[in-house]
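The structure under discussion appears below in the form of structure tokens.
The values are calculated or read from the model by the stated rules, or taken from the named source; none is laboratory data. Note that the coordinates shown come from a computational prediction; the quantities given were computed from them, not determined experimentally. Every residue, glycine among them, receives a Cβ derived from its backbone with ideal geometry; neighbour counts consider all protein chains shown. Quick note on the areas: whole protein, heavy atoms, side chains included, nothing else; ligands and nucleic acids left out. Shrake-Rupley method; radii C 1.70, N 1.55, O 1.52, S 1.80 Å.
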Amino acid sequence: LKKSIEGSFKLSYYNEYKSYLRMSNSPKPQVDREQIYQWVKSLLNPETREQSLSELSKKRELVPDLAPLLWHSFGTMSALLQEIVAIYPLISPPQLTAQQSNSVCNALALLQCVASHQDTRGYFLQANIPLFLYPFLHTTSKQRQFEYLRLTSLGVVGALVKPDDKDVIQFLLNTEIIPLLLRIMEQGSELSKTVATFILQKILLDDHGLAYICYTYQRFQSVSQVLQTMVESLTREPSGRLLKHVVRCYLRLTDNPRAKEALVRTMPGQLKDGSILHMVKQEDSSTKKWVQHLQRNLKLDGNPQQY
């Protein structure tokens, strides 16, 4: 299960996290196309679905057109959604077993494949399929099988936001994903926090996303307080990769005049004086530059704008 989750994460975030994720340099083996077709067909049969999910999840990096194949094959997407919906009753109270979590995570990995492909991403969004994942993001159980479930669900959303698609950002804002992200950023594992913060960063980098979060002081404050809590937590449990995304979120917030003025008053001291940079690796010059840029942006100008 852990190998499956980590493989899914590497596929979606290689470019964003190439500093700490490594992909194999070994030659890719040839894929038996007929076997792939058979596994896709077998997804329709509940008795063979689990094995087919496992095999397709392992081979998804080797089949460039797997996403269109899954989307356009009769009944395949319905079968994947059936696998997801079937465990809803096991979420609360938490009764999910490791085997059930493994099977659902394999289904989510295939959904991530569909979400990341340029030919199927739009269909995926129009069908509102991400909404089927939100119940998993709502979970708070610390059990490993639930943590993997949240992480793989975040991976699907992460695959959607990577290409900077305004329709994706609008969908996420309309479906109110931000409170779910903020809770994971507060309570999740380091890896879940990192992916959730990455998604929030991508939302903020969109002009509409920044305007949405800064539209009222309450929205801005909810984000600012979580970021501040994360900085305080990072001083106790350092993580350079998580800090990178936290700093990017802060830096983007300073592009809004009212948020910038509020951050002058509320910015954590560890970022104001740069003391938190001790956890940044020597070769990670980008994070250091972003912190310096953040410090320059927070210098008061002559026309402060308050909420």
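Test residue 179 against the stated conditions and say whether it is open to solvent by 10 Å² or more (accessible area, probe 1.4 Å), farther than 19 Å from residue 290 by Cβ and not in a helix (DSSP H, G or I). For residue 179, the condition - open to solvent by 10 Å² or more (accessible area, probe 1.4 Å), farther than 19 Å from residue 290 by Cβ and not in a helix (DSSP H, G or I) - is not met.
The rows are residues; the columns are (1) out of contact with any His (no Cβ under 7 Å at 6 or more places or on another chain); (2) over 25 Å from residue 178 (Cβ atoms); (3) at pLDDT 95 or above; (4) open to solvent by 30 Å² or more (accessible area, probe 1.4 Å).
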residue	(1), (2), (3), (4)
205	yes, no, yes, yes
210	yes, no, yes, no
215	yes, no, yes, yes
221	yes, no, yes, yes
231	yes, no, yes, no
247	yes, no, yes, no
279	yes, yes, no, no
293	yes, no, no, yes
296	yes, yes, no, yes
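For the structure I just gave you, tell me whether residue 81 is without any contact (Cβ under 8 Å) to a residue 24 or more places away in the chain and out of contact with any Gly (no Cβ under 7 Å at 6 or more places or on another chain). No: the conditions fail for residue 81.
I'd like to verify a number: residues in segment 184-194 that are more than 19 Å from residue 248 (Cα to Cα) and in a helix (DSSP H, G or I), how many?
1
Scoring residue 150 on the criteria (1) part of a helix (DSSP H, G or I); (2) open to solvent by 20 Å² or more (accessible area, probe 1.4 Å); (3) over 26 Å from residue 45 (Cβ atoms) leaves a single failure, condition (2).
Taking residue 20 as the residue in question, decide whether it is closer than 30 Å to residue 140 by Cα, modelled with pLDDT under 95 and buried (at least 17 other Cβ atoms within 10 Å of the Cβ). No, not satisfied. Counting the residues of segment 250-277 that are of a type outside the set (A, V, I, L, M), under 13 Å from residue 297 (Cβ atoms) and open to solvent by less than 20 Å² (accessible area, probe 1.4 Å) gives 2. Scanning segment 158-195 for residues that are over 20 Å from residue 124 (Cα atoms) and among the small types (Gly, Ala, Ser) yields 188, 189, 192. Residues of segment 171-223 that are among the small types (Gly, Ala, Ser) and over 23 Å from residue 135 (Cα atoms): 211 alone. Please go through segment 33-92 and give me each residue that is of a type in the set (Ser, Thr, Tyr), part of a helix (DSSP H, G or I) and more than 16 Å from residue 111 (Cα to Cα), ordered by number. Answer for segment 33-92, where residues must be of a type in the set (Ser, Thr, Tyr), part of a helix (DSSP H, G or I) and more than 16 Å from residue 111 (Cα to Cα): 37, 42, 48, 88. Test residue 288 against the criterion of being farther than 27 Å from residue 169 by Cβ, in a helix (DSSP H, G or I) and either hydroxyl-bearing (Ser, Thr, Tyr) or open to solvent by 30 Å² or more (accessible area, probe 1.4 Å) (or both), and give yes or no. It is true that residue 288 is farther than 27 Å from residue 169 by Cβ, in a helix (DSSP H, G or I) and either hydroxyl-bearing (Ser, Thr, Tyr) or open to solvent by 30 Å² or more (accessible area, probe 1.4 Å) (or both).
Filtering segment 93-102 to residues that are among the polar types (S, T, N, Q), in a helix (DSSP H, G or I) and open to solvent by 30 Å² or more (accessible area, probe 1.4 Å) leaves 99, 100, 102.
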